[in-house]
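Inspection log for the structure reproduced underneath, given as structure tokens.
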Amino acid sequence: QVERVELDELVCWRVRTASAELLVAQQGAQVLSYQRDGEAPLIWLSEQAAFRKGQSVRGGVPVCWPWFGALERNPQAVQALYQGNDAPAHGLVRNLDWQLLEIDTREDAVNLQFALLQPENGLPGWPHHVDLRLHIHLDERLHLSLASHNHGDQPVTVGQALHTYLAVGDIRQARVEGLAGVHYIETLQDWQERTQHGDLHFEAETDRIYLDLPERLSVFDPAWQRRIHLHSSGSRSAVVWNPWIDKSQRLSQFASDAWQRMLCIETANVLGDTLHLAPGEQKSLAVSLWAEPL
Ligand code: TA6
């Protein structure tokens, strides 16, 4: 079933199925946590998470839209649509109050539909009429789908990402599989373009944008004796991020050793893979997440 709960300043919804629990904040339609009974959590939430209006909660799946990261790192077509002054990191919608439009519960599945129905004149500094909906479908997997619907009379170009914080037993033992041969942008080395050789393992801060991705990736998580699977659609790019020690201590809501237990794999439309919507057009960015024991 679905229950409304308040965590500090935020209205949240706790979802129970026969075998799993999910927590989502109405602010930003941000999934906060997800765990199947008897298993390790799949989605990571910071032990120091703060639930404040207007502030992104550290962890879960923040929605980055209508740009990813720093606006000036986005293609010109994305930058041109914003006329505001200070462009916040990761766009304009993750700290806004969305609406829960629909709850549909069945014995072993739940559907939630959140929406950010913008006024005709769009968002502050972003005067374009595009409606956003986040569809959460929970069965034996977690399915997230972000639909953008252009109700304006002009085409728009959007950068976006489902900024998924996965929980892992120990990042130093983890491996991301499925990236061999894939090109990526090394954002920590002047955004140089490189090619991935073999599985990705972690021994320092990692912040890479992978391009021309396959639809399926997996995370070998031996510390928790499992493999996490991600199956995306509507996306050919993804950001892989772990802050490691120093960066995590410069970020909000990050306990000193928490970097060891999280890994962001962010299903995205960024750089050459940005989203183009003609007037009237709707497109979705989606990812399905599940884990299997080794
Ligand atoms: O997705 C990686 C990233 O862009 C990192 O560079 C870091 O900034 C992270 O997102 C978190 O950003 P936030 O604004 O949520 O603290």
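Just wondering, is there one or more residues in segment 203-213 that are within 26 Å of residue 51 (Cβ to Cβ), at pLDDT 95 or above and open to solvent by less than 10 Å² (accessible area, probe 1.4 Å)?
no
Report, ordered by the first and then the second residue, all pairs with beta carbons closer than 8 Å, sequence separation of six or more or different chains, a first member in segment 1-19 that is polar (S, T, N, Q), and a second member that is part of a loop (DSSP other than H, G, I, E, B) and at pLDDT 95 or above.
Filtered contacts from segment 1-19: 17/139; 19/37; 19/140.
Pick from segment 126-164 the residues that are among the hydroxyl-bearing types (Ser, Thr, Tyr) and under 30 Å from residue 227 (Cβ atoms): which of them is farthest from the ligand (Cβ to nearest atom)?
Going through the qualifying residues, I end up with 145.
Return the total of residues in segment 83-107 being away from the ligand (no atom under 15 Å from the Cβ), farther than 30 Å from residue 1 by Cβ and surrounded by 20 or more Cβ atoms within 10 Å (Cβ to Cβ).
Here the count works out to 0.
Give me the pairs: first residue in segment 30-59 and under 23 Å from residue 294 (Cα atoms), second residue among the polar types (S, T, N, Q) and not in a strand (DSSP E or B), beta-carbon distance under 7 Å, and six or more apart or on different chains, which are they?
36/19; 37/19
Could you list, in sequence order, the residues of segment 90-121 that are part of a loop (DSSP other than H, G, I, E, B) and touching a residue at least 12 places away in the same chain (Cβ under 8 Å)? Give the steps one after another, and end with the answer.
The initial filter retains those residues of segment 90-121 that are part of a loop (DSSP other than H, G, I, E, B), namely 90, 92-96, 98, 107-108, 117-121.
Residues satisfying the conditions are 90, 92, 93, 94, 95, 96, 98, 107, 108, 117, 118.
How many residues are open to solvent by less than 40 Å² (accessible area, probe 1.4 Å), part of a loop (DSSP other than H, G, I, E, B) and within 17 Å of residue 141 (Cα to Cα) when one looks only at segment 1-57?
Here the count works out to 3.
One residue is enough: does segment 184-198 have a residue meeting the conditions within 30 Å of residue 37 (Cβ to Cβ) and under 21 Å from the mean Cα position of the chain (by Cα)?
No - not one qualifying residue is present in segment 184-198.
With 288, 235, 218 as the choices, which residue is touching a residue at least 12 places away in the same chain (Cβ under 8 Å) and within 15 Å of the ligand (Cβ to nearest atom)?
From the options 288, 235, 218, the qualifying one is 235.
Would you mention how many residues in segment 58-82 are hydrophobic (A, V, I, L, M, F, W, C), within 13 Å of the ligand (Cβ to nearest atom) and not in a loop (DSSP other than H, G, I, E, B)?
Going through segment 58-82, the residues hydrophobic (A, V, I, L, M, F, W, C) turn out to be 61, 63-65, 67-68, 70-71, 77-78, 80-81.
Those left that are additionally within 13 Å of the ligand (Cβ to nearest atom): 61, 63-64, 67-68, 70-71.
Next, only the ones that are not in a loop (DSSP other than H, G, I, E, B) stay: 61, 63-64, 71.
Counting residues in segment 58-82 that are hydrophobic (A, V, I, L, M, F, W, C), within 13 Å of the ligand (Cβ to nearest atom) and not in a loop (DSSP other than H, G, I, E, B) gives 4.
The values are calculated or read from the model by the stated rules, or taken from the named source; none is laboratory data. Predicted model only: the values in this text are computed from it and were never measured. A quick note on method: Cβ atoms are made from the backbone with ideal geometry, for glycine too, and the neighbour counts reach across all protein chains shown. Just the protein is used for accessible areas: all its heavy atoms, side chains included, with ligands, DNA and RNA removed. Shrake-Rupley method; radii C 1.70, N 1.55, O 1.52, S 1.80 Å.
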